[in-house]
Amino acid sequence: MNFDQHIKVNYEALSENEQEMIYYIRNHRQEVIKLSIVELGDLLLSSKSSVLRLAKKLGFRGFSDMKYSIEESLMQSTIAPTDLVASLKKEIDQTFQYAEQTNFQPLLDKIKQANQLHLYATGFTQNNYTKDFSNDLFLSGRPNFLISGETNFEMISHTLTAEDLVIVTSLGGDTPAIKNTIRNLEMNKVPICSITSFGKSFLSEAADFQLYYEITDLPSPVVSGGSSMVGLNIILAILARKYREFVLFDE
């Protein structure tokens, strides 16, 4: 994950003071990469140990690791896309960068071992990409069920056990209509894998396995607030390929 992705995933777990520290760091990156941990602590009216604790809560090994990530983010910003094709490339590149730093093995093991594998998508675009993912799993010898509709999802949730697996693809992970169903799955100890855009959400907090993808704003003359979800297609394709590698070569 890059620096901003680390923030999106871990921001809600930070204290108010740590969130203030992040606000300063994000807006003074060029200055921060030139400072020692002691100097940054003094600048933030904090301490060396507080800065180190912040870096670790964001998922970094230490201050130097965080500073290197900040420096990389500066390099990326200097080549920020100026057109929509470049924006697409950046979206794909950042999703691959995240995937390269993610340990898929526990999820791959569970996909293979699950008695029943159910897939559920919370929207039209998510459903289209999840259909392709479902087909890829079939071609790798992994039977699965693509659930259609919130009512069906709720009914099926009562029949599943801890030996099964549910993968839910979503944009923000806070779809109100499925919250009770997710709670049912939790109470029955049914393993859940959430696949959402970066950031904490109800779904990712409830899930046993989490995958994330990058989204970007996509301007449109017809609607406002549109987002590109190519990152979801990419992370699902990566998961499908990794599963195929797992069953073909790693066993």
Full extension between residue 138 and residue 151 adds, at 0.36 nm per residue less the Cα distance, a length in nm of 2.2 nm
Between 178, 215, 235, find the one with the highest GNM mean-square fluctuation for the chain; connect C-alpha pairs within less than 10 Å. 178
P(r) weight above 18 Å for the range 1-133, C-alpha pairs, percent: 65
For the range 81-133, the fraction of alpha-carbon pairs in successive 10 Å shells from zero, as %: 19, 29, 41, 10, 2
With every protein chain kept in place and a 1.4 Å probe, the chain has an accessible area per residue in Å² of 52
Please give every one of the lysines within straight-line cross-link reach of residue 179, meaning a C-alpha to C-alpha distance under 22 Å, and leave out same-chain neighbours fewer than 8 residues apart. 8, 189, 200
Taking only the alpha-carbon positions of the range 106-159 as identical scatterers, the Debye log10 I(q)/I(0) at q = 0.14 Å⁻¹ comes out as -0.39
Cα-based Rg (one decimal) and Dmax (whole number) for the chain, in Å? 19.9, 57
Cβ-derived FRET efficiency at R0 30 Å, residue 100 paired with residue 188, nearest 0.05: 0.30
Please enumerate, by chain and number, the lysines with C-alpha under 16 Å from the C-alpha of residue 242, excluding those fewer than 8 residues away in the same chain. 110, 112
Compute the FRET efficiency between residue 24 and residue 205 as 1/(1 + (r/R0)^6), taking r as their Cβ-Cβ distance and R0 = 30 Å, and round to the nearest 0.05. 0.65
Could you work out how far apart the two model spin labels at residue 250 and residue 218 are, taking each label as a point 7 Å from the Cα in the direction of the beta carbon, and quote it in nm? 3.0
Sorting check: for 7-20, 187-200, which peptide has the highest mean count of neighbouring beta carbons within 10 Å, and how do the rest follow? 187-200, 7-20
Highest to lowest packing among 164-176, 102-114, scored as the average C-beta count within 10 Å: 164-176, 102-114
Rg/Rh for the range 62-150 to two decimals, with Rh computed the Kirkwood way over all alpha-carbon pairs. 1.10
If one computes the Cα centroid of the range 33-52 and of the range 103-133, what distance in Å separates the two points? 42
Rounded to the nearest 10 degrees, the helix 230-249 long axis (Cα) sits at an angle to the longest Cα principal axis of the chain of 70
Between residue 116 and residue 161, what is the label-to-label distance in nm when each label sits 7 Å out along the Cα-to-Cβ direction? 1.1
Summarise the accessible area of the chain (1.4 Å probe, protein heavy atoms) by the percent that is carbon and sulfur. 52
For the range 106-213 the translational diffusion coefficient, Stokes-Einstein from a Kirkwood Rh over Cα pairs at 37 °C and viscosity 0.692 mPa s, in µm²/s, is roughly 241
For the range 45-194, convex hull of alpha carbons as volume per residue, Å³: 182
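The values are calculated or read from the model by the stated rules, or taken from the named source; none is laboratory data. Please read these numbers as outputs of a predicted model, since none were measured by experiment. All Cβ positions, even for glycine, are placed from backbone atoms using ideal geometry, and neighbour counts span all protein chains on display. SASA here: full protein model, heavy atoms, side chains in, ligands and nucleic acids out. Shrake-Rupley method; radii C 1.70, N 1.55, O 1.52, S 1.80 Å.
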